[in-house]
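The values are calculated or read from the model by the stated rules, or taken from the named source; none is laboratory data. Remember, it's a predicted structure, so these values are computed and weren't measured experimentally. All Cβ positions, even for glycine, are placed from backbone atoms using ideal geometry, and neighbour counts span all protein chains on display. Just so you know, the surface numbers come from the protein's heavy atoms only, side chains and all, with ligands and any DNA or RNA stripped out. Shrake-Rupley method; radii C 1.70, N 1.55, O 1.52, S 1.80 Å.
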Amino acid sequence: QKVDTQRLLDATENSLRSLTRSLSNDERAMVAHIRSYMHQSEKATTDGDLERAYNLALKAHLLSDELVKK
């Protein structure tokens, strides 16, 4: 699960980096929210709560997918 979590975080980071267009205020807020989930996921991994880390990474990834598709 730790490996899957890291893969999700890496994919999310790559998605965010691929955004080259100008973002609206709502979209910038969404990026901040995604980064927050990513940070919380990394902390949960450090704390040994792998299920929570995975769930947070998944949320961040789903949001980033939604953002990229816009």
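Restricting things to Cα coordinates, could you compute the convex hull volume per residue of the chain in Å³?
Considering the Cα atoms of the chain, their hull volume per residue is 64 Å³.
Of the heavy-atom accessible surface of the chain (probe 1.4 angstrom), what whole percent is carbon and sulfur?
49 percent
Out of LEU58, LEU9, ASN25, whose Cα points farthest toward the positive end of the dipole of the chain (charges: +1 Lys, Arg; -1 Asp, Glu; placed on Cβ)?
After comparing all options, I get ASN25.
Expected output is a single nm value to one decimal: the length gained when fully extending between THR46 and GLU66, i.e. 0.36 nm times separation in residues minus the C-alpha distance. What is it?
That works out to 4.5 nm of additional length.
With a 1.4 Å probe and every protein chain left in place, work out the accessible area per residue of the chain in Å², rounded to a whole number.
66 Å²
At 20 angstrom or more along the helix axis (alpha-carbon based) and mean Kyte-Doolittle of -1.0 or higher, what helices does the chain contain? Whole DSSP H runs only.
Counting only whole DSSP H runs, the qualifying helices are 2-18, 50-69.
Note down the accessible area of ASP47, probe 1.4 Å, to the nearest 10 Å².
100 Å²
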